[in-house]
Amino acid sequence: MEEPELDLREVLHVLQEYKWVIAGITLVVMALGVVWTLRTPKIYEATATIEYDPAPSKPLGGQVEDVADPIGNYWATREFFQTQNMVIASRGIAERVVQKLGLQHDPTYLAQDDDATGPTGDVEAAAIALQSGLTVEPVPDTRIVRIHARDVNPERAKLIADAVAQAYVDKTIEDRLESTDRARDWLEHQLVVLRKELDDAELALHSFKKGHNVLSVSMEDRQNLVASDIQATHDRLTEVRNQRIELEARYKRLKASLGKRPDDIDPSVMTDHPALSALVLELREKSQEHDALAVKYGSEHPTMQTLSEEIAVLTRQIAQEKEALLASAERDVEQIRTVENGLRAAADQAQSAGLNLNLREIEYRQLHRDRDNKAKLYEIVLQRLTETDLTRMLKTTHVRILDQALLPGQPVTPNLVKNVGASLLAGLVLGLAAAFFMSRLDRTIRTVESVEGLGIPVLGVIPHLGQPASEAKSALKQISAAQAPRDELVVVKEPMSPAAETFRMIRTNLAFMSQDDPLRSVVVTSAMPLEGKTTIASNLAVTLAQFGRSVLLVDSDLRRPRLHRVLEVDNQTGLSTLVEGRSSWKASVHQTKIDGLSVLTSGPIPPNPSELLHSEGFARVKAELLEHFDYVLFDSPPMGAVTDAAILAPQVDGVLLVVRAGTSTVQSVAGARKQLSGVSGRLLGAILNDADLRIKGYRYGAGGYAYRSARGYAPFEKDADAA
């Protein structure tokens, strides 16, 4: 669902509704701003300027590098200068200035008021106070930095700005000398360690050569011998592997060619094995002779039995010959596998010897490389130590003071005009925020736009009948049977009232909503209880009956039925007894005092209302009622309380959702719409009930949703008063 666009009329309505809240908050905030400005002490600001020099002078030349030089390339320079700006504003610099100027002993400084006093002697507290008034401002696209110091005393502000700049310059020189001393100590220690490591590396290389006889045969010659041995073994292994593959293929081919029966033996196999071929030929001759004599003598004849025994003997001999052939081929395969495994083991041994030789070569190269690296490092550290001794005597830095601070003449804060304007703007913003927040807390639906914003068309707006919406719930709970007809059937009581005219407009909307497939069965429900669905259903049924149609109003609220009270009929039999088959529709339907309007009350309250409405009996009753009436309206329970309306929705032509202005919430109505969509119910639209027509949002065009009646239509209230 798309978010509704901002309505200027709604904004103006909120401003009008909460104008005193906005004005009150604005005045209070502005008054507080004025009081705070007048009570705030005057603050003065002094500014000193320094300049970073990324390339200070180098008396020793560019070949000698300073170990304490913090500046590298362009990007490192940028990061360094940003870091130095933070150093200037650090607590360490602040404590230096405090101790230099003795600010920890100045009670007026710690209190930040020339007329007040505070505790003295605390350097840390004074440094924190100095930091709170210190600002470091780098000038864009330059190496210039402005140091701003604020204080209630202009002379002291100037002293602090100059002292901070000088303290930073002194600190850079001290840090440089300290870094150089630390570097020199570290280099001296590393030189001793590297000398010992270099000696150890040379001794380790000598021991390796001596232990592995590297001097007699070079590592390369040894690698060539091992490689030749590995190559010869692998060649022989490849030859044997090929033989093994051929023998395995021969064995598989022989096994597949022999077959399970003598007749299945491949002729090529018999050619290579004459003995097997002779047995197979003799078996075939005996089999043919047996088949020829079987017709003449039968199976019990001695000749037939002799032939059968001979065939059996030949079959066994052929099987034995086949087994012997397969066994011989299998032995050949096993023998060649044994040879192959031996060669593979020899190849593995040669490979292992080669790997061991590689490991010794790696160890040799590591020792040689370690000796060379140690020698290079020793030379580098020795040279660096010599350069450090030279740079230690220099006292240069990358910063210099460009301008001393001037004595400030005017305070920079507080600014009365600026503070009053800011407090006025802040108060106005807070007031507007509070007004719109208070308006958003009201989540009830009051206008047609609120309903249509949920994607539900509004078919009509029913004005409240002289009773405030806030009292509607208690009034509906206290209504009596005698009062119900006179209070709720407004179409009968006041046929020319705006409410009655609206019901007739809803009737017209329903009639033209689906001309090809007219609506005949409609459920009237609501999102929550006490929203006026029974009143809407009763009056809508009356208007349909007055249109000359036969209308049946069914009380399908089998939990808290009210229609029998509204229309003053008996409730001994009704929908529950009709669905259960304990009464007929003619006996259960009551004719009301209104022509064309009949009512089917709920009947006795059943223990299982939902199951009853979902039964085949209810479908049968609905179909039977539609055969005898033009319209059937169902007054159902609210959707947010029980599932009865959701059960009825897919069984009828459409659903009317009653929304009570000032009572129904956006969440409940949206939930009802989602629930109807989930059961594939057709939502025809909503009827906004109990609306106050004095609220904007009910009119459209020249007349709007609301009607006033006086021989047809009447003007709105202000027009009537004017007349």
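Computed quantities for the displayed model
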| quantity | calculated |
| --- | --- |
| Selection count where residues are surrounded by 13 or more Cβ atoms within 10 Å (Cβ to Cβ), within 18 Å of Ala149 (Cα to Cα) and not aliphatic (A, V, I, L, M), scope the stretch 398-414 | 6 |
| Subset of the stretch 563-584 that is in contact (Cβ under 8 Å) with a residue 60 or more places away in the chain and surrounded by fewer than 23 Cβ atoms within 10 Å (Cβ to Cβ) - its residue that is nearest to the chain's Cα centre (by Cα) | Arg565 |
| Lone unmet requirement of (1) touching a Lys or Arg at 6+ places or on another chain (Cβ under 7 Å); (2) modelled with pLDDT of 85 or more; (3) part of a loop (DSSP other than H, G, I, E, B) for Val632 | (3) |
| Qualifying residue in the stretch 6-15 (condition: outside any loop (DSSP other than H, G, I, E, B), modelled with pLDDT of 55 or more, in contact with a Leu (Cβ under 7 Å, 6 or more places away or on another chain) and surrounded by 16 or more Cβ atoms within 10 Å (Cβ to Cβ)) | no |
| Within the stretch 602-635, tally of residues that are touching a residue at least 40 places away in the same chain (Cβ under 8 Å) and under 41 Å from the mean Cα position of the chain (by Cα) | 0 |
| Some residue of the stretch 569-585 being assigned to a loop (DSSP other than H, G, I, E, B), farther than 13 Å from Ser602 by Cβ and touching a Pro at 6+ places or on another chain (Cβ under 6 Å) | no |
| Count - residues of the stretch 437-448 that are surrounded by fewer than 17 Cβ atoms within 10 Å (Cβ to Cβ) and either touching a residue at least 60 places away in the same chain (Cβ under 8 Å) or in a loop (DSSP other than H, G, I, E, B) (or both) | 5 |
| Count of the stretch 350-372 residues which are farther than 30 Å from His234 by Cβ and surrounded by 14 or more Cβ atoms within 10 Å (Cβ to Cβ) | 4 |
| Selected residue (criterion: farthest from Leu530 (Cα to Cα)) from residues of the stretch 650-682 that are among the small types (Gly, Ala, Ser) and outside any helix (DSSP H, G or I) | Ser680 |
| Thr37 vs. criteria over 43 Å from the mean Cα position of the chain (by Cα), modelled with pLDDT of 80 or more and over 30 Å from Leu402 (Cα atoms) | yes |
| Residue in the stretch 541-553 that is surrounded by fewer than 24 Cβ atoms within 10 Å (Cβ to Cβ), under 50 Å from the mean Cα position of the chain (by Cα), in a loop (DSSP other than H, G, I, E, B) and not β-branched (Val, Ile, Thr) present | no |
| Filter result for the condition that a residue is more than 21 Å from His614 (Cα to Cα), touching a helix residue (DSSP H, G or I) at 6+ places or on another chain (Cβ under 6 Å) and either surrounded by fewer than 20 Cβ atoms within 10 Å (Cβ to Cβ) or not charged (D, E, K, R) (or both), over Ser538, Ser588 | Ser538 |
| Residue tally, condition among the aliphatic types (A, V, I, L, M) and over 51 Å from the mean Cα position of the chain (by Cα), over the stretch 498-540 | 1 |
| The stretch 299-316: number of residues that are β-branched (Val, Ile, Thr) and exposed (fewer than 15 other Cβ atoms within 10 Å of the Cβ) | 3 |
| Residue count, the stretch 359-379 (criterion: among the acidic types (Asp, Glu), modelled with pLDDT of 75 or more and out of contact with any Leu (no Cβ under 9 Å at 6 or more places or on another chain)) | 3 |
| Output for the stretch 610-623, where each listed residue is surrounded by 13 or more Cβ atoms within 10 Å (Cβ to Cβ) and either out of contact with any helix residue (DSSP H, G or I) (no Cβ under 6 Å at 6 or more places or on another chain) or of a type in the set (Ser, Thr, Tyr) (or both) | Ser610, Ser615, Ala619, Arg620, Lys622 |
| Residue in the stretch 571-578 that is out of contact with any Ser or Thr (no Cβ under 6 Å at 6 or more places or on another chain) and β-branched (Val, Ile, Thr) present | no |
| Residues of the stretch 67-95 that turn out to be surrounded by 14 or more Cβ atoms within 10 Å (Cβ to Cβ), part of a helix (DSSP H, G or I) and at pLDDT below 75, as a count | 1 |
| Within the stretch 138-164, tally of residues that are out of contact with any Leu (no Cβ under 7 Å at 6 or more places or on another chain), closer than 15 Å to Asp106 by Cβ and assigned to a helix (DSSP H, G or I) | 2 |
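The values are calculated or read from the model by the stated rules, or taken from the named source; none is laboratory data. Small disclaimer: the values here were computed from a predicted structure and weren't measured. Methodologically, a virtual Cβ is constructed for each residue, glycine included, from the backbone with ideal geometry; neighbour enumeration extends over all protein chains shown.
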